[in-house]
Amino acid sequence: MNIQWYPGHMTKAKRMMQEDIKLIDIVIELLDARAPLSSKNPDIDNLAANKSRMVILNKADMADARKTAKWEEYFKAKGFFVLSMDSRKNSGMKPVSDTIREACKEKIARDRKRGIINRPIRAMIVGIPNVGKSTFINSYAKKSCTKAGNKPGVTKGKQWIRIGKDVELLDTPGILWPKFDDQEIGLRLAYIGSINDEILTKSELALKFIDFLKINYCNALTDRYNIDIDIQNSENFEILKQIAVARLCLLKGNEPDLDKAAAILFDDFRSGRLGRMTLEEIPE
């Protein structure tokens, strides 16, 4: 299953970000805590060279907590300031401001020496589609500043948002990179909803996802769908059929509707109803 998705507006967005980076003090990159490395755009490292860097492991409430703690240490060792969070909850935003100030303390000190006081820190918010950038900004600003959605490609242009007196955020569209050399990355991004579902065959993708679940979270399927089946020793196709039957996804003649069952499976995973899961391990 070959997955590639790089629509034309992403090229335009990348050029826009390259033009604006000179205005920026810190680049804040949102990653999906369920796939931290796969959701990290390698092009951002080139774009943000010589800037303060912060990584937010978003949707941490849906990821395996033990693995998220290890990913935090991984990125800290790479020189990033790191936070894990669920950006839907605006009650936990003080650590964001504190971390931004800590990351930019040298810049703040330089400004004071030059007699510049209270100039806002300018932060660019970046990330691939559907990692929750708009939700994060709305929670941080404590108001609806940007349009948020549960599908990729909602944010099309840039916009500045003022956060109190201290911070100005530049929201940017979600961008991927032109080609996934490792198709496992493409699969993980498809699982978390960062690839447009309309270009995917959901049932085929679901069979791949069931492979992952059998190895890593085999009880999730029986617990969620109450199916009486030996997950480890059953064919993926049969498991998907059982999910279809359990959720009454039936075609004429009571044939299982595999596409609808696959859509339910991914909706349950992406919403956290399937349980807390992390799709990848820290590289050796």
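So the values come out like this:
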| item | result |
| --- | --- |
| Filtered residues of the range 54-81 (kept if part of a strand (DSSP E or B) and buried (at least 20 other Cβ atoms within 10 Å of the Cβ)) | M54, V55, I56, L57, N58 |
| Matching option when the condition is assigned to a loop (DSSP other than H, G, I, E, B) and open to solvent by less than 10 Å² (accessible area, probe 1.4 Å), among F180, F266 | F180 |
| Unique match (being out of contact with any Pro (no Cβ under 7 Å at 6 or more places or on another chain) and at pLDDT 90 or above) among S97, S194, S134 | S97 |
| In the range 189-233, the residues that are touching a helix residue (DSSP H, G or I) at 6+ places or on another chain (Cβ under 9 Å), under 26 Å from M17 (Cβ atoms) and among the charged types (D, E, K, R) | D197 |
| So L189, is it surrounded by 12 or more Cβ atoms within 10 Å (Cβ to Cβ), more than 17 Å from the chain's Cα centre (by Cα) and either closer than 29 Å to I100 by Cβ or modelled with pLDDT of 95 or more (or both) | no |
| Leading residue by the ranking (surrounded by the most Cβ atoms within 10 Å (Cβ to Cβ)) among those in the range 2-48 that are among the small types (G, A, S) and at pLDDT below 90 | A13 |
| Long-range neighbours under 8 Å by Cβ, at least six apart or interchain, first residue without any contact (Cβ under 8 Å) to a residue 24 or more places away in the chain and over 23 Å from L176 (Cα atoms) within the range 106-134, second of a type outside the set (G, A, S) and open to solvent by less than 20 Å² (accessible area, probe 1.4 Å) | I108/I121; I117/D111; R119/D111 |
| Flag for D228 being at pLDDT below 95, part of a loop (DSSP other than H, G, I, E, B) and open to solvent by 10 Å² or more (accessible area, probe 1.4 Å) | yes |
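The values are calculated or read from the model by the stated rules, or taken from the named source; none is laboratory data. All values derive from a computational prediction rather than experimental measurement. Note: ideal-geometry Cβ built from the backbone for every residue, glycine included; neighbour counts use all protein chains shown. Each accessible area value is taken on the protein alone, full model and side chains, heavy atoms only, with ligands, DNA and RNA left out. Shrake-Rupley method; radii C 1.70, N 1.55, O 1.52, S 1.80 Å.
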